[in-house]
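A.B. asks: I have a structure here, written as structure tokens, and I will follow up with some questions on it.
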Amino acid sequence: MSQFIESIKVEDQEVFLLDLHQKRVNQTFAHFGKEGSIDLAKIFKHLEHDEDGMYKLRVSYDLDKKIRTQMIPYAIPEIQDFQLVENNSFDYSFKFEDRKELEKMKMKSKAEEIIIVKNNHITDTSFSNLLFQKGKDWFTPTTYLLNGVQRQNLLKQKKIKETEITLQNLKQFSHFQLINAMNDFDDMFIYPIDRIINLPGNEEYLDL
């Protein structure tokens, strides 16, 4: 049976974006035709956790409502380089625990992290959504693989906008950053666009 996962930010004993995580869990159960859901607020309440600092609450669950939880200390990673990797068939519309396909793409690449290109369009990294800067504005690709909770949150707050980002217009953006449930818009490292080692136009685009 498929396992699903939610990674939830807990900082100084406060839990973040829980409503959006809960909505995603509910949608997963509904999509696969299962009654009910699991209650993330209740799971958090019953955890024995009284430590300050930043943690990732990892909730792994299946459609029979078997749950495993882990509370993992978290620091935002700084990544040295990125590589565009093409995969037109990859589907990650639900947050499956199985990441074999993602790991395989990373193993084949020559950079620390990958940016997945699907049908010529920029999507996500192996663990985050993406934002790209043009002038003072930040944009996120309309062609995400997973509509992450932080992405939804920032769009709702109008801090970012959606746009079509392709191999052809990627160089129009000056910088990019990674966002996910653990990493807010204001927390992240901001990378210059040429941190992507195979940026189209700089050198031959690598088709893996």
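The values are calculated or read from the model by the stated rules, or taken from the named source; none is laboratory data. All figures in this text were calculated on a predicted structure; none of them were measured in a lab. Glycine also receives a Cβ, built like all others from the backbone with ideal geometry; neighbour counts cover every protein chain displayed. Ligands, DNA and RNA are stripped out before the accessible areas are found, and what is left, the full protein with its side chains, is counted by its heavy atoms. Shrake-Rupley method; radii C 1.70, N 1.55, O 1.52, S 1.80 Å.
A.B. asks: Find the residue count for region 1-34, including only residues that are touching a residue at least 60 places away in the same chain (Cβ under 8 Å) and open to solvent by 80 Å² or more (accessible area, probe 1.4 Å).
C.D. replies: Of the residues in that region, 2 qualify.
A.B. asks: So which of LEU63, LEU40, LEU47, LEU84 is surrounded by 12 or more Cβ atoms within 10 Å (Cβ to Cβ), in contact (Cβ under 8 Å) with a residue 12 or more places away in the chain, aliphatic (A, V, I, L, M) and within 30 Å of GLN168 (Cβ to Cβ)? Explain how you work it out, then say what you get.
C.D. replies: Values: LEU63 fails: within 30 Å of GLN168 (Cβ to Cβ); LEU40 fails: within 30 Å of GLN168 (Cβ to Cβ); LEU47 fails: within 30 Å of GLN168 (Cβ to Cβ).
Result of the check over LEU63, LEU40, LEU47, LEU84: LEU84.
A.B. asks: Return yes when LYS171 is more than 20 Å from ILE8 (Cβ to Cβ), over 15 Å from the mean Cα position of the chain (by Cα) and in a loop (DSSP other than H, G, I, E, B) and no when it is not.
C.D. replies: no
A.B. asks: Could you tell me which residue of region 168-182 is nearest to PHE94 (Cα to Cα), considering only residues that are of a type outside the set (D, E, K, R) and open to solvent by 20 Å² or more (accessible area, probe 1.4 Å)?
C.D. replies: Let us first name the residues in region 168-182 that are of a type outside the set (D, E, K, R), namely 168-170, 172-182.
Next, from what is left, pick out any that are open to solvent by 20 Å² or more (accessible area, probe 1.4 Å): 168-169, 172, 174-175, 180.
Working: GLN168: 28, ASN169: 28, GLN172: 31, SER174: 30, HIS175: 28, ASN180: 15 Å.
This residue is ASN180.
Okay, residues lined up against (1) among the small types (Gly, Ala, Ser); (2) in a strand (DSSP E or B); (3) open to solvent by 40 Å² or more (accessible area, probe 1.4 Å):
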site	(1), (2), (3)
ASN88	no, no, yes
GLU103	no, no, yes
MET107	no, no, yes
PHE127	no, no, yes
LEU130	no, yes, no
ASN147	no, no, yes
GLN150	no, no, no
